[in-house]
């Protein structure tokens with residue numbers, strides 16, 4: 001039975017009309033919906049890439065700054081959705097000196113950029129800037145999803161410049177049997193796609209991610225939204241999530257080709273056959289403290305894809321934290337705010 005049809009059967013038309021009237025009243029009080037409002041300053045810029053530093057919230061900060069590295073897919077404002085649902089704010093409140101790299105929106109001329117350009121180019125240059133500015137030899141690095149994979153690659157090739165490594169829902173072994181995204185990627189002719197399009201449209205990828213949970217992420221959530229129309233805070237949160245979901249930058253063609261081929265199709269990171277810039281990416285080089293956080297109900301990065309990291313690193317200070325939630329809830333749910341940022345802040349402060 002269709003979700004909307006079932007809803008209409010469970011609720012009489014008078015109740016539905018009342019909820020819609022409440023919704024009109026709620027929307028009349030909502031103006032602009034903005035994301036990522038925590039005060040920050042642009043401190044470094046290269047091509048479309050921007051590096052931001054957030055304003056401190058505590059009297060003293062960790063002497064070692066931390067860089068947040070998000071995925072190329074969607075926008076990093078997911079980490080700072082709103083004041084009470086913000087990994088950034090949580091880290092600031094724990095005394096961290098927080099930086100964030102914004103990958104921006106690729107232009108046509110960016111289609112030839114490679115993974116090496118992003119990791120040993122843009123990412124390395126941001127870290128070099130932070131080290132020079134703070135007069136330190138190493139920083140703390142926090143990678144999220146694909147950004148976590150980027151961070152692993154960087155740290156494996158430049159271990160001396162990473163003091164502590166934090167990972168959130170980061171895929172390492174892309175060939176776990178429950179990796180639905182990997183099975184879908186097998187049916188994509190990535191060469192034909194990139195050769196035809198150049199940059200890969202972000203809207204196509206967004207459709208692919210929604211297809212992983214088609215009912216939950218389409219009709220069902222809008223039907224459930226009807227029950228929140230009288231709650232302005234809940235409506236504003238819903239609208240912020242919608243704005244984030246459908247703000248999908250295009251993907252630089254060559255980077256997309258390499259990531260799908262080398263990681264999803266060939267699993268080079270886990271197999272130890274990955275090279276960037278002609279140099280091997282050996283996870284055994286990861287000897288710094290590592291905090292690996294994963295979500296138990298993650299439909300994009302299954303837990304086993306993340307926890308596999310323990311089998312490959314040489315770190316004597318490796319810790320995992322599981323979160324009872326999904327790939328998005330680990331950033332924005334209320335319970336996540338109580339558990340994840342404080343845990344990261346405490347772990348970092350113990351080691352810096």
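Structure notes:
- Only residues that are within 18 Å of the chain's Cα centre (by Cα), buried (at least 17 other Cβ atoms within 10 Å of the Cβ) and within 23 Å of residue 153 (Cα to Cα) were counted across region 312-327, and they come to 1.
- Unmet requirement for residue 31, which otherwise passes all of (1) surrounded by 12 or more Cβ atoms within 10 Å (Cβ to Cβ); (2) modelled with pLDDT under 95; (3) part of a loop (DSSP other than H, G, I, E, B): (1)
- Among residues of region 310-323 that are assigned to a helix (DSSP H, G or I), those with a beta-carbon under 8 Å from a residue that is at pLDDT 95 or above and crowded, with 16+ Cβ neighbours inside 10 Å at least six positions away or on a different chain give the pairs 310/292; 310/318.
- Check on residue 301, within 29 Å of residue 48 (Cα to Cα), modelled with pLDDT of 95 or more, crowded, with 20+ Cβ neighbours inside 10 Å and within 15 Å of the chain's Cα centre (by Cα): yes
- Annotation note: of 274, 309, 269, 226, the sole residue that is closer than 14 Å to residue 174 by Cα and more than 21 Å from the chain's Cα centre (by Cα) is 274.
- Residue within region 279-296 that is assigned to a helix (DSSP H, G or I), over 23 Å from the mean Cα position of the chain (by Cα), modelled with pLDDT of 95 or more and farther than 24 Å from residue 113 by Cβ present: yes
- When residues in region 137-186 are screened for being modelled with pLDDT of 95 or more, outside any strand (DSSP E or B) and over 16 Å from residue 271 (Cβ atoms), 17 of them pass.
- Checking the stated criteria, residue 37 turns out to be at pLDDT below 95, assigned to a loop (DSSP other than H, G, I, E, B) and surrounded by 12 or more Cβ atoms within 10 Å (Cβ to Cβ).
- Residue identified as buried (at least 19 other Cβ atoms within 10 Å of the Cβ), touching a helix residue (DSSP H, G or I) at 6+ places or on another chain (Cβ under 6 Å), at pLDDT 95 or above and not in a strand (DSSP E or B) among 91, 51: 91
The values are calculated or read from the model by the stated rules, or taken from the named source; none is laboratory data. What you see is a predicted model, and the numbers here were worked out from it, not measured in a lab. Neighbour counts run over all protein chains shown; Cβ positions are idealised from the backbone, glycine included.
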